[in-house]
Amino acid sequence: MADLFFFGTLRHLPLLELVLGRSGDALRAQPAKLPGHGVYQVVGQPFPAIEERNGDMADGVLVQDLSQVDLDRLNFYEGGFGYALKPVSVGLEDGRTAPAEVYFPEPGLWQTAEPWDLEAWVANWGALSLRAAEEVMDYYGRMSAEEVARCFPSVRRRAAAWLAGQARPGDGVHDLTKDVIVHRHNRAHLNFFAMEEMDLQYRRFDGSMSPVMNRSSAMAGHAAVLLPYDPVRDQVLLVEQFRAPPFIMGDAHPWMWEPVAGVIDPGETAEETAIREAVEEAGVTVRHLETVAQGYPSSGALAEYIHIFIGISDLSDVNGGGGVAGEGEDIRSRILSYDELMDGIDAQTYQDMPLVTAALWLSRHRERLRNGAV
């Protein structure tokens, strides 16, 4: 049996229950403090780190009599992020002290900022962290902690996308608690993208339930797509890069001309992503965004929700771009006239459907944009 002091996100009981795989009612838990330490927000991350600091007092919870299975699950959840258990002595509310262990980060692993606020974290990140932890813990016993940690940014993006989907209104006709029955949910594969499958039934239009069917989906989260357009010069900018999925499918032309595009990070809006990606991929500064469309590009197979924009830009001032080398991106760009773009659309030269969608929208709104009505 082990006694652990939790100072950060695992103080949130629903998250601790999910990681341990059992109810918190059975836990021996009580408030505790760790003197000489403080809990601080990690810069650029939605979690804290604990540090030794004279005069500080770290609030937390002491959980006693954790089993080896509990420890294995906790080490799986925490271990891939450079945290390791170290012994400490914590103070209890009745004035006694008790031995415990704490997950400390590797020295110098994180840069910290202001003191961490549990209530603010629950309000801003609690639901997303629960959804992400649900996916992570589904791979307990199937992947190593380090393997899952490498995938965690994409796990977090999918969690944000799932919450955004939950927040969208239904159709007012179907009740998902009655009209879809899930018999089995399997997370089959985890990497930058994930693959999930379900055995499910849905209510048919005659009111009956369908047979139980097995269906799979590639899970890709949310993305922003932006076609830069210069209304003064009547030009657009396209980017070209190698795309593995067409190659894997056997396509003889896997280098694709596309708009700028990128995945939406948690806490970031689609608009912010589009503007950021325009700089990273094409060196373009966007002056104004026009919303084209949002939806699923291939709802029968791909759980990716995309936001498409036209980015009003000055294409005489293009600096940098080329993508992020650390993400394996190798991107070149090309500026072409509106007429050249539409000739390519009519000739079915382009294979990227968001580009076709953005170009057709531009054809309807071009005169307004050229007349300055933005």
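The values are calculated or read from the model by the stated rules, or taken from the named source; none is laboratory data. In this text the structure is predicted, and so the values were computed from the model without any measurement. When we count neighbours, we look across all protein chains shown, and the Cβ atoms used for this are built from the backbone with ideal geometry, even at glycine. SASA here: full protein model, heavy atoms, side chains in, ligands and nucleic acids out. Shrake-Rupley method; radii C 1.70, N 1.55, O 1.52, S 1.80 Å.
Here are the numbers for this structure:
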read-out: Which listed residue is among the charged types (D, E, K, R) and surrounded by 14 or more Cβ atoms within 10 Å (Cβ to Cβ), from 106, 51; value: 51
read-out: Residue identified as under 24 Å from the mean Cα position of the chain (by Cα), in a strand (DSSP E or B) and surrounded by 14 or more Cβ atoms within 10 Å (Cβ to Cβ) among 164, 188, 220; value: 220
read-out: Candidate set from region 223-261 (those that are among the aliphatic types (A, V, I, L, M) and not in a strand (DSSP E or B)); member that is least open to solvent (accessible area, probe 1.4 Å); value: 244
read-out: The one condition in (1) at pLDDT 95 or above; (2) buried (at least 17 other Cβ atoms within 10 Å of the Cβ) that residue 193 fails to fulfil; value: (1)
read-out: Scope region 54-75; condition open to solvent by 20 Å² or more (accessible area, probe 1.4 Å), of a type outside the set (D, E, K, R) and assigned to a helix (DSSP H, G or I); matching residues; value: 68, 69, 71, 75
read-out: Residues being over 24 Å from residue 41 (Cβ atoms) and open to solvent by less than 50 Å² (accessible area, probe 1.4 Å) - total across region 136-158; value: 4
read-out: Checking residue 283 against (1) at pLDDT 95 or above; (2) more than 30 Å from residue 197 (Cβ to Cβ); (3) within 26 Å of the chain's Cα centre (by Cα); (4) not acidic (Asp, Glu), the condition it does not meet; value: (1)
read-out: Region 5-34, residues that are surrounded by fewer than 21 Cβ atoms within 10 Å (Cβ to Cβ), touching a residue at least 40 places away in the same chain (Cβ under 8 Å) and farther than 21 Å from residue 134 by Cβ; value: 30, 31, 33
read-out: Hits in region 293-348 - residues which are assigned to a helix (DSSP H, G or I), at pLDDT 90 or above and surrounded by fewer than 12 Cβ atoms within 10 Å (Cβ to Cβ); value: 339, 346
read-out: Pair list, Cβ under 7 Å, 6 or more apart: region 101-112 residue of a type outside the set (Ser, Thr, Tyr), other residue open to solvent by 60 Å² or more (accessible area, probe 1.4 Å) and in a loop (DSSP other than H, G, I, E, B); value: 111/43
